[in-house]
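Reading through the structure tokens given below for one structure.
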Amino acid sequence: MKLFSRQTPAAASEVVMFNYRRPVRARQVALGGGGRLWLVEALDPTHNVWVWQEESSQAEAAVDTARRLSLMLN
């Protein structure tokens, strides 16, 4: 039984970065079914990986969330 199936691989097309107190990005991801989703991710400096924080279908909401998260202390 397949749990995850997609016709085409997901791809990022647009990225907005903030680096006030900590690095946070909002990036638009193309989904396999033709849809798009904005992911908000913060950089974990210890492991050097981007960690999912929130998702949104609206660019304005995702960029605002990324900006606010970047202003917060770790």
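Odds and ends about this structure:
- Selection within segment 31-44: residues that are touching an Asp or Glu at 6+ places or on another chain (Cβ under 8 Å) and buried (at least 16 other Cβ atoms within 10 Å of the Cβ). The member of this set that is farthest from N19 (Cα to Cα) is W38.
- Contacts under 7 angstrom Cβ, first residue in segment 11-38 being closer than 14 Å to M72 by Cα, partner modelled with pLDDT of 90 or more and in a loop (DSSP other than H, G, I, E, B), 6 or more apart: R21/M72
- Counting the residues of segment 30-41 that are part of a strand (DSSP E or B) and more than 8 Å from the chain's Cα centre (by Cα) gives 3.
- Answer residue from segment 45-57, given it is surrounded by 10 or more Cβ atoms within 10 Å (Cβ to Cβ) and not in a strand (DSSP E or B) and is modelled with the highest pLDDT among those: S57
- Test: R21 is assigned to a loop (DSSP other than H, G, I, E, B) and within 19 Å of L71 (Cβ to Cβ): yes
The values are calculated or read from the model by the stated rules, or taken from the named source; none is laboratory data. The model shown is predicted, which means the values in this text are computed figures rather than measured ones. Reconstructed Cβ throughout: ideal geometry from the backbone, glycine too, with neighbour counts over all protein chains shown.
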